[in-house]
Ligand code: 4AD
Ligand code: MG
């Protein structure tokens, strides 16, 4: 076969249309379908660079039957041919093949993605192959674009990307149950005289876990570099079977010195709008596909979010609204209860009909590090609530006062000896500061319109599921 530099399909069918008719190209990709008649075959080829397939036209009088038989749905091929304007409907260009090499066949009897229209549940069972579907191609490209936009947003604003540890020796954040990290023999661990597991012999000489959040270390960075953010995997060993929880998810956590809660809300709102706008500007072909196939209000909803101010109000006002709503909730509400996703979605979807930022939550339902208000019952927390998702961001202004912080730590029975390094920052050069955490997969759920969080991460980890 003549050796030509490979062209990606996006260079032909993407918005830039960098390549023009008459050019001889080499394309490599996976066959989505092959159809035709005795004299001509039409191959729909996809290489993952764009949602669209390109049509390869094969004159069967020039190609041997043996090769053509190997080209079935799922097989991988390399094609040389001339790009021509397509007479057919629906595509601007097609390729008239002159040479084809088959890289890999895919037996029609056993290839699982033979037909279109598999359920998402079935595709979860073949997570190793589902990136080859239109849906997962679209989701994964959007996921990439959103990661890139996260870094661009912060880099453009002078934030530094801080790498916080995955393995942690502190379990004080209290954001969720932890996964233990150990090299001890599970069957026969060393024991202390009183019969407890003796972690002094473990790898780190103490109990360690996978992190639930990079925030506490993020604060250490902010109190030196002013503005930092983390973007990494976080782990929570809760057995929740909801379509919005994963045991392993990615979180973006900016932390800013000299920001109060209002600055924090402004940044969160600007950040979310930036990300959604970035998707609208850069992922339209994929969004149009998802809008058509899964959620025909998707693009409208994305535009709405970028175009309207988020509603800001106090937790206490939200409780009043929920109690006066006359709605029957599965979990009753009362001042002091934690809001469930049904309450959050009522506020966003029914009452205000736009994203909501709730602040000043009861201190009892929030973490120890949140800045205490003078009323002694609420803290300067903020949750951003989104349509279809509920909580997408959780954050707060942080308690910077040494005495107030240590009092709260003691009240909650958190061992001060595990937290000395965190408390030290309030002892030496403390500063008002704030931050928040955006659940990356919740963002991707919102932007793609997908309904289940297992379908917006390549390899979901949930209880009883770590197969791939
Ligand atoms: O509200 P959370 O627990 O807040 C924190 O972890 C803080 N340390 C953040 C901070 O202030 N730096 O989690 C933050 C966000 C949630 O709003 C949600 O979007 C997401 O993380 N999240 C999950 N996403 C998927 N699966 C789970 N199990 C999640 N738990 C939280
Ligand atoms: Mg939260």
Is it the case that some residue within the range 201-214 is away from ligand 2 (no atom under 16 Å from the Cβ), farther than 30 Å from residue 467 by Cα, out of contact with any strand residue (DSSP E or B) (no Cβ under 8 Å at 6 or more places or on another chain) and modelled with pLDDT of 95 or more?
yes
Working carefully through the options 27, 45, 4, find the one that is surrounded by 14 or more Cβ atoms within 10 Å (Cβ to Cβ) and not assigned by TED's automatic domain parsing to the domain that holds residue 74.
4
Give the residue that is farthest from residue 420 (Cα to Cα), with candidates limited to residues of the range 164-181 that are part of a loop (DSSP other than H, G, I, E, B) and touching a strand residue (DSSP E or B) at 6+ places or on another chain (Cβ under 7 Å).
179
All conditions in (1) in a loop (DSSP other than H, G, I, E, B); (2) surrounded by fewer than 19 Cβ atoms within 10 Å (Cβ to Cβ); (3) free of Cβ contacts under 8 Å to residues at least 60 places away in the same chain are true of residue 212 except (2)
Return the residues of the range 443-452 that are away from ligand 2 (no atom under 15 Å from the Cβ) and either over 16 Å from residue 290 (Cβ atoms) or part of a helix (DSSP H, G or I) (or both); say none if nothing qualifies.
444, 445, 446, 447, 448
Whether any residue in the range 429-442 is in a helix (DSSP H, G or I), buried (at least 21 other Cβ atoms within 10 Å of the Cβ), at negative phi and more than 16 Å from ligand 2 (Cβ to nearest atom) is what I want to check.
no
Would you check if there is a residue in the range 233-247 being more than 16 Å from ligand 2 (Cβ to nearest atom), in contact (Cβ under 8 Å) with a residue 12 or more places away in the chain and closer than 19 Å to residue 157 by Cβ?
no
Would you please name the residue that is surrounded by the fewest Cβ atoms within 10 Å (Cβ to Cβ), looking only at residues in the range 77-95 that are in a strand (DSSP E or B) and touching a residue at least 60 places away in the same chain (Cβ under 8 Å)?
85
Do we find a residue being under 18 Å from residue 219 (Cα atoms) and either more than 15 Å from ligand 1 (Cβ to nearest atom) or in the same structural domain as residue 223 (by TED's automatic domain parsing) (or both) anywhere in the range 358-366?
yes
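Matching residues to (1) without any contact (Cβ under 8 Å) to a residue 40 or more places away in the chain; (2) assigned by TED's automatic domain parsing to the domain that holds residue 14; (3) over 22 Å from residue 468 (Cβ atoms); (4) in a loop (DSSP other than H, G, I, E, B):
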| site | (1), (2), (3), (4) |
| --- | --- |
| 97 | no, yes, yes, no |
| 101 | no, yes, yes, no |
| 108 | yes, yes, yes, yes |
| 111 | yes, yes, no, yes |
| 138 | no, no, no, no |
| 141 | no, no, no, no |
| 144 | yes, no, no, no |
| 147 | no, no, no, no |
| 150 | no, no, yes, no |
Would a scan of the range 379-387 turn up a residue that is closer than 28 Å to residue 454 by Cβ, within 16 Å of ligand 1 (Cβ to nearest atom) and either in a loop (DSSP other than H, G, I, E, B) or out of contact with any helix residue (DSSP H, G or I) (no Cβ under 6 Å at 6 or more places or on another chain) (or both)?
yes
Examine the range 392-401 for a residue that is under 19 Å from residue 338 (Cα atoms), assigned to a loop (DSSP other than H, G, I, E, B) and within 11 Å of ligand 1 (Cβ to nearest atom), and state whether such a residue exists.
no
Extreme residue, nearest to residue 75 (Cα to Cα), among residues of the range 4-50 that are in a helix (DSSP H, G or I) and under 28 Å from the mean Cα position of the chain (by Cα)
9
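The values are calculated or read from the model by the stated rules, or taken from the named source; none is laboratory data. Remember, predicted model here, so these are calculated numbers, not experimental data. Please note: Cβ atoms are built from the backbone with ideal geometry, for glycine as well, and neighbour counts cover all protein chains shown.
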